[in-house]
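Heads up, the thing below is written out as C-alpha cells.
The values are calculated or read from the model by the stated rules, or taken from the named source; none is laboratory data. Predicted, not measured: the structure shown is a model, and the values here were computed from it. Positions of Cβ are backbone-derived with ideal geometry, glycine not excepted, and every protein chain shown enters the neighbour counts. Keep in mind that these areas ignore ligands, DNA and RNA; they rest on the heavy atoms of the full protein, side chains included. Shrake-Rupley method; radii C 1.70, N 1.55, O 1.52, S 1.80 Å.
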Amino acid sequence: DQLNGCFALKEGPIWMDSSTEKECDFVGSAVGGERKVLQLSGSRPYERFTGNQIRRIIFNHPREYENTERISLISSMLTSLLIGRYSPIDASDGSGMNLMNIRAKTWSWELLQAVTGKELSKSLNMSALGPKAEALYCKLGGGSGLVASHTIVGNVSDYLVKRYGFSRHCRVVAGSGDNPCSLVGLRGTRSGDAIISLGTSDTFFAVTENPHMRTLDGHVLVNPIDSSTYIKMLCFKNGSITREKIREMFANGTWEGFNQALKETPPGNNGCIGIYFLDPEIVPTFNSSNVFRFSGKDRPLRRF
C-alpha cells in the first residue's frame, strides 16, 4: 500500500518481453551496427534489455516517461526499499542493459544518445550529451548511478529498524541479478570456471579475463566477485517454463510421471530429438514459437 502510486507505469516489462525489435534495430543502426553495440555494452541489442525497453516507453508512453524520476532494475529497487532512498545499479546487473560501457563500467554516452534519439544521424555527438540523453543519464542516477557489485550502499532504513527490529548497524550491499548471484553462490572465481544454471531460463556462463566476443550471440557481464574480470554467458529462454509445459502435456502434470518417462526411454532416445521453442528464443535467435522434431535419421516428424 505504501508504494501505491509510486510507479510511472502500472505494468513494467519483464525479461521474457520480445516486443522491442524495432527499437533494437534503431539503436544498432544509430551506433554503427550490432557488433558496435556488442563491443560497447557486452551484448548486441536485445529486445528484453533495459535500454531498448526505455526507448519504447519514451516514444510510446511519453507522459509516463517524463513523470519518471528514477529508473531502477529490480535488484536496485529492492535495495532502495531496504535503505529508504534510491540505490545505485551494480555494474554486473547493469551489464545487461545495452546502456553501460562494459570496459569503462560507466554509462555509455553513445548508447544514451542512441536510445533517446528520434531520428538516425550520421554521427553521434560525443563532446556533450544532448538534452534527452542527459535526462536519461539523470534518471539512471548519473555518474553515481553505477557501482561495483560489492559496494555497501547504506544501512537499513529507520523504518525497518523501528518496524522489524533490524540493527541500525545492518549494512546493505548493492543488489545484483540472478545470474551474477548464481556465480557468487557457486564460487565461480577463477578464469575458466564454468557453470550451468537450469531455471526459468537456462544459462551457461564462464569466467574470463577478456570481454571480447567472437559472435553476436551471448553476453558479457562484469564479474560481481572480481570487477577486473568478466562473465561470458549464453541464455536460453525456453527453460523451466517449457519443461513444465511438456510435463503438463505428456506426463500427467507430475514430475514423477516425467521422471518415469525418462527412465523408460533409452539413453539417446534412439537418435530422436525435439527442439521446443514455445517462446521466441534468445540463443539461437528465433523470433517465433515452434516445435521441431526429428527422427534418428534426421527426418522431420510431426510427433514422436
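The residue that is most open to solvent (accessible area, probe 1.4 Å), among those in the range 122-147 that are modelled with pLDDT of 95 or more and in a loop (DSSP other than H, G, I, E, B), is Gly141.
Count of the range 92-105 residues, restricted to those that are out of contact with any Phe, Trp or Tyr (no Cβ under 8 Å at 6 or more places or on another chain) and open to solvent by less than 10 Å² (accessible area, probe 1.4 Å), is 3. Scan the range 58-85 and report the pairs whose first residue is farther than 30 Å from Val173 by Cα and whose second residue is crowded, with 18+ Cβ neighbours inside 10 Å and of a type in the set (S, T, N, Q), with Cβ atoms within less than 9 Å and a gap of 6+ or a chain change. Correct list of pairs: Ile58/Thr116.
Looking only at the range 194-234, residues that are in contact (Cβ under 8 Å) with a residue 40 or more places away in the chain, more than 15 Å from the chain's Cα centre (by Cα) and open to solvent by 30 Å² or more (accessible area, probe 1.4 Å) come to 4 in all. Confirm whether Arg44 is modelled with pLDDT of 90 or more and under 14 Å from Leu216 (Cβ atoms). Considered against the rule, which asks whether it is modelled with pLDDT of 90 or more and under 14 Å from Leu216 (Cβ atoms), Arg44 comes out as yes. Considering only residues in the range 274-301 that are more than 29 Å from the chain's Cα centre (by Cα) and open to solvent by 70 Å² or more (accessible area, probe 1.4 Å), the one that is farthest from Ser19 (Cα to Cα) turns out to be Lys297.
Could you tell me which residue of the range 106-115 is least open to solvent (accessible area, probe 1.4 Å), considering only residues that are of a type in the set (S, T, N, Q) and over 18 Å from Ser176 (Cβ atoms)? Of everything passing the filter in the range 106-115, Ser108 is least open to solvent (accessible area, probe 1.4 Å). Looking only at the range 1-48, which residues are of a type in the set (Lys, Arg), open to solvent by 70 Å² or more (accessible area, probe 1.4 Å) and more than 18 Å from Asn287 (Cβ to Cβ)? Hits for the range 1-48 are Lys10, Arg35. Against the test of being at pLDDT 95 or above and out of contact with any strand residue (DSSP E or B) (no Cβ under 7 Å at 6 or more places or on another chain), the options Val31, Val37 yield a single qualifying residue, Val37.
Every residue, every condition in (1) hydroxyl-bearing (Ser, Thr, Tyr); (2) within 17 Å of the chain's Cα centre (by Cα), yes or no:
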| site | (1), (2) |
| --- | --- |
| Gly33 | no, no |
| Arg44 | no, yes |
| Glu47 | no, yes |
| Thr50 | yes, yes |
| Gln53 | no, yes |
| Ile57 | no, no |
| Glu66 | no, no |
| Leu73 | no, yes |
| Ser76 | yes, yes |
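For the range 235-258, a residue qualifies if it is under 25 Å from Gly218 (Cα atoms) and either open to solvent by 80 Å² or more (accessible area, probe 1.4 Å) or not basic (Lys, Arg) (or both), and the qualifying residues are Cys235, Phe236, Asn238, Gly239, Ser240, Ile241, Thr242, Glu244.
Scan the range 92-105 for residues that are in contact with a strand residue (DSSP E or B) (Cβ under 9 Å, 6 or more places away or on another chain) and closer than 14 Å to Leu136 by Cα and the total you get is 3.
Within the range 244-299, if we keep just the residues that are of a type in the set (Asp, Glu) and without any contact (Cβ under 8 Å) to a residue 40 or more places away in the chain, the residue that is farthest from Trp15 (Cα to Cα) turns out to be Glu264.
Within the range 3-12, the set of residues being modelled with pLDDT under 85 and either polar (S, T, N, Q) or in contact with a helix residue (DSSP H, G or I) (Cβ under 7 Å, 6 or more places away or on another chain) (or both) comprises Asn4 only.
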